[in-house]
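Q: Provided herewith is a single structure, encoded as structure tokens, for subsequent inquiry.
The values are calculated or read from the model by the stated rules, or taken from the named source; none is laboratory data. Just so we're clear, the structure is a prediction, and the values are computed from it rather than from any experiment. All Cβ positions, even for glycine, are placed from backbone atoms using ideal geometry, and neighbour counts span all protein chains on display. Please note that ligands, DNA and RNA were not included when accessible areas were found on the heavy atoms of the full protein model with its side chains. Shrake-Rupley method; radii C 1.70, N 1.55, O 1.52, S 1.80 Å.
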Amino acid sequence: MDRSATSAEVERVVAAAERLGLKAHPIPGAQRTAVGITGNKGAVGPGAFEALPGVLEVLSVSHPYKLVSREFHPEDTIVSVGGVLVGGTRVVVIAGPCAVESLEQTLTIAREVKARGADVLRGGAYKPRTSPYAFQGLGEEGLKILAAAREATGLPVVTEVLDTAHVEIVAHYADCLQIGARNMQNFELLKKAGKTGKPILLKRGMSATLEEFLLAAEYVLAENNPGVILCERGIRTFTDFTRNTLDLSVVPAVERISHLPIVVDPSHGTGRREKVLPMSRASVAAGADGISVEVHNRPAEALSDGPQALTPDMFGELMDQVRAIAAAVGRTT
Ligand code: PEP
Ligand code: MN
């Protein structure tokens, strides 16, 4: 739409799309509003829209992903996670345990990471574990513990939703819903989580291409939820010295074609605590909008992902290094 387009003019475009049986998604930007139109089976000629007042130009998006693309929305999207803005000039740090294990453990870690400068608390209450005999998470009790940790520290909370049946309860307690690597293409979960209107931290599937990753995000945006934060967390390759191969080159690739923010998880990306600091530095240097790292007060006793957990002191060192790299690439922390 033209910069000076009124909301009534935007509404007219939406109504015109709906009359054609299409779906319209107004996307307000800093300069002007774009109206994404989806749901067409074949080409839609520009004629239906071009002549409407307030319309500046009609572009057709040739990629299979539409709403997530920069063609649709040239400016960076900034997602608010309980007031913490992801995707602006600040580099955001998400930290916390892999799993919520107890009130005492979660409160301790939340306070330790908060004191060292974390912005958001992470921690799984529903855990996707490779073995059915491994700790599966505390469920709703874990969500209550996260809410108590938010209360105690002021940190907004991100936690994984594993199943469509849990979307409502997780959305009730969390500031941001995480969709894990194993569920990146659980399309029903993407739709249902998208409908909550809560921001979504969408982790890249272990063998997902960039196009598949963006199409997964497209599912959420298609529910009229613009709040997706992409998360690179490593992909499966033949190397065996790390748990996964952190694909940092996806950061500038995403930045070029999508307006969505992207953060990097070097904890799952490497699986080894000694590799988390250097890869955090590299993530910020590559242009990531934030990092997500696992921290535990007693890593040796962690019920999941102990080998990749940082101690609180290591996390403090990480924050110092991230601040230095962020400043070097023109970002703040
Ligand atoms: C997690 O962040 O706790 C997690 C399970 O990550 P992923 O889905 O990337 O394996
Ligand atoms: Mn983990």
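Q: Please compare each pair in Lys41/Lys127; Lys41/Lys195; Lys114/Lys191; Lys127/Lys198; Lys127/Lys191 to a cut-off of 29 Å on the Cα-Cα distance and tell me which ones are over it.
A: Values: Lys41/Lys127 39 Å; Lys41/Lys195 23 Å; Lys114/Lys191 32 Å; Lys127/Lys198 20 Å; Lys127/Lys191 20 Å.
Beyond 29 Å between Cα atoms: Lys41/Lys127; Lys114/Lys191.
Q: I would also like to ask the following. Kindly identify the range 79-328 as rounded, prolate or oblate by the Cα gyration tensor criterion: order the square roots of the eigenvalues as a ≥ b ≥ c, call it rounded if a/c is under 1.5, otherwise compare a/b with b/c, prolate if a/b is larger, else oblate.
A: rounded
Q: Using modelled backbone amide H atoms (1.01 Å from N, in-plane), which distant-in-sequence or interchain residues come within less than 5 Å of Ala99's amide H?
A: Residues meeting the criterion, in which the H sits 1.01 Å from N, are Gly124, Ser304.
Q: Here's a follow-up. Dipole magnitude of the chain about its Cα centre, charges +1 at Lys/Arg Cβ and -1 at Asp/Glu Cβ only, in debye to the nearest 20?
A: In total the dipole reaches around 160 debye.
Q: Same structure again: Leaving out ligands and nucleic acids, note down the accessible area per residue over the range 179-333 with a 1.4 angstrom probe, in whole Å².
A: 38
Q: OK, next. Using a Gaussian network model of the chain whose springs link C-alpha atoms within less than 10 Å, name the residue from Ser283, Ser62, Ser267 with the highest mean-square fluctuation.
A: Per the Cα network of the chain with a 10 Å cutoff, Ser62 tops the list.
Q: Here is a follow-up. Hey, if we sort Phe187, Phe135, Phe241, Phe315 by accessible area with the 1.4 Å probe, largest down, what's the order?
A: Putting Phe187, Phe135, Phe241, Phe315 in descending order of accessible area: Phe241, Phe187, Phe135, Phe315.
Q: Here's something else I'd like to know. Separation of the range 305-333 and the range 205-257 by C-alpha centroid, Å?
A: 22
Q: Of the candidates Leu248, Leu22, Leu162, which one comes out as most mobile in a Gaussian network treatment of the chain with C-alpha springs shorter than 10 Å?
A: Of Leu248, Leu22, Leu162, the most mobile in the Gaussian network model is Leu22.
Q: Please identify, among Val55, Val251, Val276, the residue showing maximal mean-square fluctuation in a Gaussian network model of the chain using a 10 angstrom Cα cutoff.
A: Looking only at Val55, Val251, Val276, the biggest GNM fluctuation is shown by Val55.
Q: Here is a follow-up. Quick one: which residues, 5+ away or cross-chain, put their amide H under 5 Å from the amide H of Val293? H built at 1.01 Å from N.
A: Those qualifying (amide H under 5 Å, at least 5 residues apart or on another chain) are Ile94, Ala95, Gly96.
Q: How large is the charge dipole for the range 177-310, taken about the Cα centre, if only the Cβ atoms of Lys, Arg (+1) and Asp, Glu (-1) carry charge, to the nearest 20 debye?
A: 220
Q: What distance in nm separates the two pseudo spin-label positions at Glu75 and Glu274, each 7 Å out from Cα along the beta-carbon direction?
A: Each label point lies 7 Å from its Cα, and together they span 4.7 nm.
Q: Considering only protein heavy atoms and a probe of 1.4 Å, how much of the accessible area of the chain is carbon and sulfur, as a whole percent?
A: That share works out to 53 percent.
Q: Right, here's the next one. Which is farthest toward the positive dipole end of the chain among Val263, Ala16, Val93, measuring Cα position about the Cα centre, with Cβ charges +1 (Lys, Arg) and -1 (Asp, Glu)?
A: About the Cα centre, the residue reaching furthest to the positive side is Val263.
Q: Here is a further query. Round to the nearest 10 and give me the degree value, 0 to 90, for the angle of helix 103-115's Cα axis relative to the longest principal axis of the chain.
A: 70
Q: Against the longest alpha carbon principal axis of the chain, how many degrees, from 0 to 90 and to the nearest 10, is the axis of helix 312-328 turned?
A: The answer is roughly 40 degrees.
Q: Helix 273-286 versus the longest principal axis of the chain: what is the Cα-based angle in degrees, 0 to 90, to the nearest 10?
A: So the inclination is approximately 30 degrees.
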